[in-house]
Structure formats: structure tokens, C-alpha cells
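Below is one structure, written out as C-alpha cells, with a few remarks after it.
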Amino acid sequence: MTNRNTNPTEHPRKAAEAVRAFNHATLPALNGRPGIEYTGTAYHAIGAFTTLAHRLPQSFHQIAMALAELHKAGHLTADHGTPTEHAAVTCAALREAEQHASALAKALERAHSTCSPLGNCGPIDDTDDDL
């Protein structure tokens with residue numbers, strides 16, 4: 001369970017940093033070798049991203065519900081326009097993000113499933129700890 005004293009925004013920030021680190025780690029090498037050399041690595045990465053995508057809709061929903069409750073309680077203000085206008089547009093965009101995240105999860109499920117039968121037939125580096 002999450003410590004309630006932790007700022008909840010730290011969790012998506014850490015997830016974003018983890019994705020950035022993955023992107024950096026999987027850049028192609030200067031010698032032209034791909035950043036992901038083994039199908040098992042691709043398979044496991046797709047699986048991890050699938051799990052992440054499945055969890056996003058709930059996060060977006062909870063943010064929208066929190067904003068709706070804050071608005072209902074009269075705890076929102078706006079620099080311009082009305083809090084009602086901004087809350088409504090924000091919640092609509094979050095609902096749209098939920099739908100896109102669900103579609104992303106479904107596409108990643110297909111990618112994960114179709115990557116499963118793939119294997120390597122090229123040279124394998126015996127010192128690679130990614131096996």
C-alpha cells in the first residue's frame with residue numbers, strides 16, 4: 001500500500017523517468033546493432049508496457065473524479081474563464097485519455113501475443129546477462 005504522506009505525483013513522474021531510461025537503454029549502438037538484441041527482451045518489454053497501459057485508465061479516472069469532487073465542493077478557482085468550464089474540459093480530456101489508454105493496452109496485448117512465438121537464430125553473446 002502507498003504511504004499517504006507521499007506526494008502521489010511522484011509515482012507517475014517515476015514511471016515517466018523509467019520509460020525515458022528504457023528509451024535511452026534501447027537506442028541502437030553506434031555500430032548499428034539494435035538496442036534490443038533478443039526477442040525475449042522485446043517480449044518482456046512489451047509485457048511491461050502492457051501492464052502499464054492497463055493501469056492508466058484507472059489513474060485518469062481517479063484524477064477526473066477528484067477534480068469533479070473538488071469542483072462540487074466549491075474548492076476550484078480559475079485564472080481565466082470559469083472553474084466549471086475548465087473542470088469540464090479537463091474531465092472530458094481525461095475520459096478521452098482513458099479510452100486511448102484502453103486502446104493502447106489492447107494493441108500491446110496483441111503485440112505481446114504475436115511476439116511470443118518469435119525466437120533468435122543469430123549469434124548470441126554468451127556474456128550477455130539479458131538472456
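Numbers for the structure displayed
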read-out: Overall Cα dimensions of segment 1-67 - principal axes, largest extent first, Å; value: 49, 22, 20
read-out: Mean separation of Cα contacts under 8 Å, 6 or more apart, over the residue count of the chain: relative contact order %; value: 33 percent
read-out: Efficiency of FRET between Ala25 and Thr114 - r from beta-carbon atoms, R0 22 angstrom, step 0.05; value: 0.40
read-out: Tilt relative to the chain, helix 10-25 - C-alpha long axis, 0 to 90 degrees, to 10; value: 30 degrees
read-out: Lys, Arg +1 and Asp, Glu -1 on Cβ, resulting dipole of the chain about Cα centre, debye, nearest 20; value: 440 debye
read-out: For the chain, calculated [θ]222 nm from helices alone, where every DSSP H run of n ≥ 4 adds -39500 (n - 2.57); value: -22500 deg cm²/dmol
read-out: Alpha-carbon spread of the chain, three principal axes, descending order, Å; value: 64, 32, 29
read-out: Dipole-positive endmost among Cys115, Phe60, Pro12 within the chain (Cβ charges, Cα centre); value: Phe60
read-out: Rg/Rg_globular for segment 31-87, with Rg_globular taken as 2.2 N^0.38 Å and Rg from C-alpha atoms; value: 2.01
read-out: Cα long-axis angle, helix 83-115 against the chain (0 to 90 degrees, to the nearest 10); value: 20 degrees
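Every number in this text was worked out from the coordinates using simple rules, so none of it is lab data. Source: prediction; values computed, not measured. Cβ: placed from backbone, ideal geometry, glycine included. Neighbour counts: every protein chain shown.
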